[in-house]
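Note sheet for the following structure.
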Amino acid sequence: MHYYTCCECCARFCGKVVVMSELDETAAAVLTASRALLGVVARSVAPVLDQVTVPQFRVLVVLSNADGPLRHGDLAEAIGVHSSTFTRTTDRLLAGGWVERRENPDNRRETLVSLTPAGHAIVAQVTEARRAEISQVLATIAPADRERIRDAFELFDRAAGEPHVPVLAEFIV
(Lines give C-alpha, C1' and ligand atoms only; values in the text may rest on other atoms or scores of the structure.)
Protein backbone atom coordinates (compact mmCIF):
# COMPACT_ATOMS: atom_id res chain seq x y z
CA MET A 1 0.00 0.00 0.00
CA HIS A 2 1.13 3.50 -0.77
CA TYR A 3 0.05 6.77 0.73
CA TYR A 4 -0.63 9.83 -1.38
CA THR A 5 -1.33 13.42 -0.40
CA CYS A 6 -3.89 14.04 -3.05
CA CYS A 7 -7.31 12.66 -3.63
CA GLU A 8 -10.01 12.11 -6.16
CA CYS A 9 -12.53 14.18 -4.22
CA CYS A 10 -11.36 17.42 -5.78
CA ALA A 11 -8.92 16.29 -8.50
CA ARG A 12 -6.18 18.51 -7.07
CA PHE A 13 -3.91 18.63 -4.08
CA CYS A 14 -5.96 19.07 -0.93
CA GLY A 15 -3.68 17.62 1.71
CA LYS A 16 -5.92 14.63 2.33
CA VAL A 17 -4.02 11.34 2.70
CA VAL A 18 -5.34 8.55 0.49
CA VAL A 19 -4.30 4.92 0.82
CA MET A 20 -4.15 3.08 -2.49
CA SER A 21 -3.93 -0.67 -2.87
CA GLU A 22 -1.89 -2.30 -5.61
CA LEU A 23 -5.11 -2.79 -7.56
CA ASP A 24 -5.99 0.91 -7.14
CA GLU A 25 -2.51 1.93 -8.30
CA THR A 26 -2.72 -0.35 -11.34
CA ALA A 27 -6.19 0.96 -12.19
CA ALA A 28 -4.89 4.53 -11.94
CA ALA A 29 -1.97 3.73 -14.25
CA VAL A 30 -4.27 2.05 -16.78
CA LEU A 31 -6.66 5.00 -16.58
CA THR A 32 -3.82 7.38 -17.40
CA ALA A 33 -2.68 5.20 -20.31
CA SER A 34 -6.26 4.94 -21.56
CA ARG A 35 -6.46 8.74 -21.75
CA ALA A 36 -3.35 8.74 -23.93
CA LEU A 37 -4.81 6.01 -26.14
CA LEU A 38 -8.14 7.82 -26.34
CA GLY A 39 -6.28 10.82 -27.72
CA VAL A 40 -4.70 8.61 -30.39
CA VAL A 41 -8.09 7.09 -31.21
CA ALA A 42 -9.79 10.49 -31.42
CA ARG A 43 -7.11 11.90 -33.72
CA SER A 44 -7.19 8.83 -35.98
CA VAL A 45 -10.96 8.77 -36.41
CA ALA A 46 -11.46 12.57 -36.64
CA PRO A 47 -10.84 12.77 -40.42
CA VAL A 48 -13.77 10.43 -41.16
CA LEU A 49 -16.33 11.80 -38.70
CA ASP A 50 -17.91 13.84 -41.48
CA GLN A 51 -18.76 10.50 -43.11
CA VAL A 52 -19.59 8.16 -40.20
CA THR A 53 -20.28 8.51 -36.49
CA VAL A 54 -18.13 6.78 -33.88
CA PRO A 55 -20.78 4.06 -33.26
CA GLN A 56 -21.10 3.50 -37.01
CA PHE A 57 -17.33 3.23 -37.28
CA ARG A 58 -17.37 0.59 -34.53
CA VAL A 59 -19.77 -1.46 -36.69
CA LEU A 60 -17.38 -1.18 -39.62
CA VAL A 61 -14.49 -2.35 -37.43
CA VAL A 62 -16.46 -5.36 -36.17
CA LEU A 63 -17.37 -6.28 -39.76
CA SER A 64 -13.75 -5.84 -40.90
CA ASN A 65 -12.65 -8.43 -38.34
CA ALA A 66 -15.39 -10.93 -39.21
CA ASP A 67 -14.76 -13.99 -41.34
CA GLY A 68 -17.55 -12.97 -43.69
CA PRO A 69 -21.04 -11.50 -43.55
CA LEU A 70 -22.65 -11.40 -40.12
CA ARG A 71 -26.28 -11.95 -39.25
CA HIS A 72 -27.92 -8.65 -38.37
CA GLY A 73 -28.80 -9.88 -34.87
CA ASP A 74 -25.28 -11.18 -34.22
CA LEU A 75 -23.78 -7.87 -35.34
CA ALA A 76 -26.14 -5.92 -33.07
CA GLU A 77 -25.17 -8.18 -30.17
CA ALA A 78 -21.47 -7.70 -30.90
CA ILE A 79 -21.99 -3.94 -30.75
CA GLY A 80 -24.06 -4.25 -27.59
CA VAL A 81 -27.38 -2.88 -28.85
CA HIS A 82 -30.84 -4.31 -29.43
CA SER A 83 -31.45 -5.61 -32.93
CA SER A 84 -34.52 -3.42 -33.51
CA THR A 85 -32.66 -0.18 -32.78
CA PHE A 86 -29.64 -1.36 -34.75
CA THR A 87 -31.63 -1.34 -38.00
CA ARG A 88 -31.30 2.47 -38.21
CA THR A 89 -27.53 2.18 -37.94
CA THR A 90 -27.30 -0.37 -40.74
CA ASP A 91 -29.71 1.72 -42.83
CA ARG A 92 -27.37 4.72 -42.54
CA LEU A 93 -24.29 2.63 -43.30
CA LEU A 94 -26.06 1.10 -46.27
CA ALA A 95 -27.04 4.56 -47.56
CA GLY A 96 -23.42 5.68 -47.22
CA GLY A 97 -22.17 2.72 -49.21
CA TRP A 98 -20.13 1.33 -46.29
CA VAL A 99 -22.05 -1.96 -45.90
CA GLU A 100 -24.32 -4.17 -47.91
CA ARG A 101 -27.27 -6.10 -46.60
CA ARG A 102 -28.76 -9.19 -48.14
CA GLU A 103 -31.08 -12.03 -47.33
CA ASN A 104 -29.46 -15.09 -45.78
CA PRO A 105 -29.71 -17.83 -48.45
CA ASP A 106 -29.92 -20.46 -45.68
CA ASN A 107 -32.71 -18.69 -43.78
CA ARG A 108 -34.79 -16.09 -45.60
CA ARG A 109 -35.94 -14.58 -42.29
CA GLU A 110 -32.38 -13.50 -41.52
CA THR A 111 -30.42 -10.60 -42.95
CA LEU A 112 -26.67 -10.69 -43.51
CA VAL A 113 -24.52 -7.56 -43.29
CA SER A 114 -21.07 -7.27 -44.84
CA LEU A 115 -18.46 -4.60 -45.45
CA THR A 116 -18.20 -3.03 -48.90
CA PRO A 117 -14.85 -2.01 -50.42
CA ALA A 118 -15.64 1.58 -49.35
CA GLY A 119 -16.26 0.40 -45.78
CA HIS A 120 -13.05 -1.57 -45.81
CA ALA A 121 -11.16 1.51 -47.07
CA ILE A 122 -12.41 3.75 -44.27
CA VAL A 123 -11.38 1.18 -41.64
CA ALA A 124 -7.97 0.83 -43.30
CA GLN A 125 -7.50 4.62 -43.36
CA VAL A 126 -8.26 5.03 -39.66
CA THR A 127 -6.32 1.91 -38.65
CA GLU A 128 -3.21 3.06 -40.49
CA ALA A 129 -3.37 6.54 -38.93
CA ARG A 130 -3.75 4.95 -35.49
CA ARG A 131 -0.94 2.46 -36.12
CA ALA A 132 1.41 5.25 -37.28
CA GLU A 133 0.79 7.39 -34.19
CA ILE A 134 1.12 4.45 -31.81
CA SER A 135 4.36 3.45 -33.55
CA GLN A 136 5.73 6.97 -33.06
CA VAL A 137 5.06 6.75 -29.33
CA LEU A 138 6.47 3.22 -29.07
CA ALA A 139 9.63 4.24 -30.96
CA THR A 140 10.56 6.41 -27.97
CA ILE A 141 10.51 3.36 -25.66
CA ALA A 142 13.29 0.80 -25.25
CA PRO A 143 12.64 -2.55 -27.02
CA ALA A 144 12.54 -4.53 -23.76
CA ASP A 145 9.94 -2.13 -22.36
CA ARG A 146 7.89 -2.36 -25.57
CA GLU A 147 7.78 -6.13 -25.10
CA ARG A 148 6.50 -5.64 -21.55
CA ILE A 149 3.85 -3.23 -22.84
CA ARG A 150 2.74 -5.72 -25.49
CA ASP A 151 2.51 -8.52 -22.92
CA ALA A 152 0.54 -6.31 -20.54
CA PHE A 153 -1.92 -5.27 -23.24
CA GLU A 154 -2.42 -8.88 -24.31
CA LEU A 155 -3.26 -9.78 -20.71
CA PHE A 156 -5.60 -6.83 -20.42
CA ASP A 157 -7.35 -7.71 -23.71
CA ARG A 158 -7.98 -11.26 -22.54
CA ALA A 159 -9.23 -10.14 -19.12
CA ALA A 160 -11.58 -7.60 -20.76
CA GLY A 161 -12.89 -10.23 -23.18
CA GLU A 162 -11.77 -8.37 -26.28
CA PRO A 163 -11.69 -10.78 -29.21
CA HIS A 164 -8.25 -11.42 -30.66
CA VAL A 165 -7.66 -9.54 -33.88
CA PRO A 166 -5.04 -11.06 -36.17
CA VAL A 167 -2.39 -8.79 -37.60
CA LEU A 168 -4.17 -7.02 -40.38
CA ALA A 169 -1.43 -7.16 -42.99
CA GLU A 170 -3.61 -5.49 -45.59
CA PHE A 171 -3.67 -2.35 -43.41
CA ILE A 172 0.09 -2.06 -43.24
CA VAL A 173 1.53 0.32 -45.81
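The values are calculated or read from the model by the stated rules, or taken from the named source; none is laboratory data. Quantities reported herein were computed from a predicted structural model and do not represent experimental measurements. Positions of Cβ are generated from backbone atoms using ideal geometry, with glycine treated the same way; all protein chains shown enter the neighbour counts.
If I ask for residues that are of a type in the set (A, V, I, L, M) and assigned to a loop (DSSP other than H, G, I, E, B), which ones from the range 22-66 would you list? Break it down stepwise before answering.
Restricting attention to the range 22-66, the residues satisfying the condition of being of a type in the set (A, V, I, L, M) are 23, 27-31, 33, 36-38, 40-42, 45-46, 48-49, 52, 54, 59-63, 66.
Across the range 22-66, the qualifying residues are 49, 52, 66.
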Next on the checklist: Contact list please: Cβ distance under 7 Å, first residue in the range 37-65 and under 13 Å from residue 113 (Cβ atoms), second residue among the aromatic types (Phe, Trp, Tyr) and buried (at least 16 other Cβ atoms within 10 Å of the Cβ), pairs at least six apart or on different chains.
Outcome noted: 60/98
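Look at the range 73-120 and say how many of its residues are of a type in the set (Gly, Ala, Ser) and part of a strand (DSSP E or B). Write out each step before concluding.
Pass one, the range 73-120, residues of a type in the set (Gly, Ala, Ser): 73, 76, 78, 80, 83-84, 95-97, 114, 118-119.
This time we only want the ones that are part of a strand (DSSP E or B), so: 114.
The qualifying residues number 1.
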Checklist entry - Out of (1) modelled with pLDDT of 95 or more; (2) out of contact with any His (no Cβ under 6 Å at 6 or more places or on another chain); (3) under 30 Å from residue 153 (Cβ atoms), what's the single condition that is false for residue 97? => result (3)
Checklist outcome for this item: Considering residues that are under 13 Å from the mean Cα position of the chain (by Cα), surrounded by fewer than 14 Cβ atoms within 10 Å (Cβ to Cβ) and hydrophobic (A, V, I, L, M, F, W, C), the number found within the range 38-65 is 3
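Can you say whether residue 83 is hydroxyl-bearing (Ser, Thr, Tyr), more than 18 Å from the chain's Cα centre (by Cα), modelled with pLDDT of 95 or more and over 22 Å from residue 47 (Cα atoms), as far as the supplied structure shows?
Details: hydroxyl-bearing (Ser, Thr, Tyr): yes; more than 18 Å from the chain's Cα centre (by Cα): yes; modelled with pLDDT of 95 or more: no; over 22 Å from residue 47 (Cα atoms): yes.
Answer is no for this residue.
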